1. Which condition breaks for Pro54 when tested against (1) closer than 17 Å to Trp306 by Cα; (2) assigned to a strand (DSSP E or B); (3) of a type outside the set (D, E, K, R); (4) touching a Lys or Arg at 6+ places or on another chain (Cβ under 6 Å)?
2. Go through the range 462-483 residue by residue and tally those that are surrounded by 15 or more Cβ atoms within 10 Å (Cβ to Cβ), in contact (Cβ under 8 Å) with a residue 40 or more places away in the chain and of a type outside the set (D, E, K, R).
3. For the range 608-622, which residues satisfy the criterion of being over 14 Å from Asp577 (Cβ atoms) and in contact (Cβ under 8 Å) with a residue 24 or more places away in the chain?
4. Quick one: in the range 635-654, of everything that is in a strand (DSSP E or B) and within 60 Å of the chain's Cα centre (by Cα), which residue is surrounded by the most Cβ atoms within 10 Å (Cβ to Cβ)?
5. Out of the range 484-499, which residues are out of contact with any Phe, Trp or Tyr (no Cβ under 7 Å at 6 or more places or on another chain), surrounded by fewer than 16 Cβ atoms within 10 Å (Cβ to Cβ) and assigned to a strand (DSSP E or B)?
6. For the range 508-545, which positions are of a type in the set (Lys, Arg) and closer than 27 Å to Val570 by Cβ?
7. Do the conditions hold for Ile613, that is, is it in a helix (DSSP H, G or I), within 23 Å of Leu482 (Cα to Cα) and hydrophobic (A, V, I, L, M, F, W, C)?
8. Can you name every residue in the range 509-522 that is surrounded by fewer than 18 Cβ atoms within 10 Å (Cβ to Cβ) and either assigned to a loop (DSSP other than H, G, I, E, B) or without any contact (Cβ under 8 Å) to a residue 60 or more places away in the chain (or both)?
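The values are calculated or read from the model by the stated rules, or taken from the named source; none is laboratory data. Being a predicted model, the structure only gives us computed values, none of them experimental. Quick reminder, even Gly has a Cβ in these numbers, built from the backbone with ideal geometry, and neighbours come from all protein chains shown.
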Amino acid sequence: MRLLWSGLVLLLTLFGVGRGAAWADVSQTNEGGCFRGLSADGSSGSFDLPSANPGCAFRLRTGAYLAGFVEHGYLLAGDRFRSLGGGVSVAATLGQHVEVALQLAAQLGRVEPMSSSGLEVLGPSASLLTISQLKFQLKLHSAWGRLVHVALMPTVRLPGEGQDFAPAPLNIDAAIDALLDLKLGRVLPQFPLTLSAQFGYVHDRSLRALDAQDCMGGTVADCLRARLQSTAAYSVGLPRLRLAVGAQLPLHVWRTLWIVPTVIYRIEAIVGDPDPVLLALLGMQSPMASLQGRFQQWLTLGGRVWFGLPLSLDFGVKVGLQSAGYAMGAKVPRVMGYGALTWEIDLLGGVSRVSSTEEVSKGPLAVASKETPLCRVTGTIRDALGGQPLADAVVRFVGLRHNAILTDDKGYFASGDLLCGAIHIEASRGDHQTTRLPVVLSSGERAAVEIRLPKLMRAQAGRLWLALRSEDGSKVLARATLARDGQVVNLLTEEGGLFARVAAGAWLLRIDAAGYLSREQTVVVSDGGEQRVQLHLVRRGLQPKVQLGSSEVVLSQPLTFVPAGASLTVDSERVLDEVVDLLIHHPEVAVLRIEHVADLQSMDSVLLEQQAIAVRDYLVQHGIAPERVVALVVEGPRRTPAKILLKLSAERFP
């Protein structure tokens, strides 16, 4: 404890007497301390101490950390042990009282013999790689008044096994912690110290990762070497109680540069049974070694550099004060270096940025000189029609550096300090329309407002029924889909046919059935109404009459019309049914040119044009988009019969 207080006094003296450093409370400059870095534990916090206060609601934090050490004589006399660990974490505050965190971490350990002494025990160099943990945390947090923040944090950890990256479900363990933050800066602005505490229990079962190791066929020295290396490299631990206390002192150094020196003291009391293998082996090899100590202690000294953005860089060292003994888990290293990088995103689009001293004097942040008049706004968000209070509505102050606020169960909200004057308050909720209210705040005023949000009218889904029949009137089993703007909806088989419930509007209906030609048709579903469609499918012939060529659609027989008329014959309609099927299955055909080639000097040009249009109309009526077909009459050779060609447009078809 003497070293703890000495380190705290040293840090306060080092960072407090410099003229260039200005005391400031980060929580005040950031409207409640919304920005929180991540701890090595995965959740919000710093270094190896999680914080009870994860910041404002709907924040997403991502971070990565590295920690490592090199120590001589770490395992046995004459060795050098190198360790490097790292991890990535994602944490998010969901609402005002819940934080979830996910962390994936890995560790590399290496043993190197340093001298001839001990070589018989250590043997050759060995490298071990392990996935140390896949961890999930849930933090339930709440504020107690202005100064205290408390949290309960259960944790589930899934460790890796051996050198395999695959998790080991049988070794899953858990922890439960109580967290507390005390912000003295709220009552002592000249000394904005934040004190944190953690107390919990860890049901560590990582010792089971060594169950597969045995000493069959090897010497006692070989078994001892393998057991010690595995225990250290895999960070093997035992069930234990833990207590940690820490202090942070945010310092505004220059412009947007902040430094937050941190000191953390941690002690753990091991309550599980020691490793029986190491207990027996060390009892034979080193009777004087520390085997069954029950306490481990660390002291963490470091700082967090904050650049005025939702970005922080941690650096520091972790000093081992006391190890419990080899048989009680991995030995505590004397000095471990630590570094981390954290980035935070505001999921509601607010600004979690601390301005420079010059910007603060211009913007309506809570940091202002004593002469600057400050105002606050409270209010209630209600439904415009019924007047009911709207919980979880988002309140923003347009153009101001003030974080978004969520209303409580009674629709109430309260802002932080704002510079007085004209402001715009914006309120929104997913099921209501966004509304803005202009407010003029007089000096020192605490204004009360009420904002009413009109309900957002949403379109109701419509229903579509599809009945399919073949040419002889029998039912057909088919697959039908509705498509629009990249969205595809499958129709379900019901007793009355095929059915789908979709949003109102125009949809492209497509039907595919084995042995039948495919069909497409545009259908319009009304808002909250019901649309019934009945279609007839044509059987696919044994020999196709239509084929896709390189520059045109090749027909096995010419298209014909009734004598001296523009109506298609039944045989020609069957051919065009196959053309429709071909165009459905070949969407790459952008434009189909219907060219009626004829001797225009000897034939009626008006009738020829009507016949070409009749072919186009038939294709469009059977589901082909109008922009995909063009009909025209083309001058042909003299004294030749008229003929319709279906050509692929060179301009649109690759």
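1. Among (1) closer than 17 Å to Trp306 by Cα; (2) assigned to a strand (DSSP E or B); (3) of a type outside the set (D, E, K, R); (4) touching a Lys or Arg at 6+ places or on another chain (Cβ under 6 Å), the lone unmet condition for Pro54 is (2).
2. Residues flagged as surrounded by 15 or more Cβ atoms within 10 Å (Cβ to Cβ), in contact (Cβ under 8 Å) with a residue 40 or more places away in the chain and of a type outside the set (D, E, K, R) within the range 462-483 amount to 9.
3. Answer for the range 608-622, where residues must be over 14 Å from Asp577 (Cβ atoms) and in contact (Cβ under 8 Å) with a residue 24 or more places away in the chain: Leu608, Glu609, Gln610, Gln611, Ala612, Ile613, Ala614.
4. Within the range 635-654, the match that is surrounded by the most Cβ atoms within 10 Å (Cβ to Cβ) is Leu646.
5. Residues satisfying the conditions are Gln487, Val488, Asn490, Thr493, Glu494.
6. Arg510, Arg519, Arg539, Arg540, Lys545, listed by residue number.
7. no
8. If the condition is that a residue be surrounded by fewer than 18 Cβ atoms within 10 Å (Cβ to Cβ) and either assigned to a loop (DSSP other than H, G, I, E, B) or without any contact (Cβ under 8 Å) to a residue 60 or more places away in the chain (or both), then Asp512, Ala514, Gly515 are the ones that fit.
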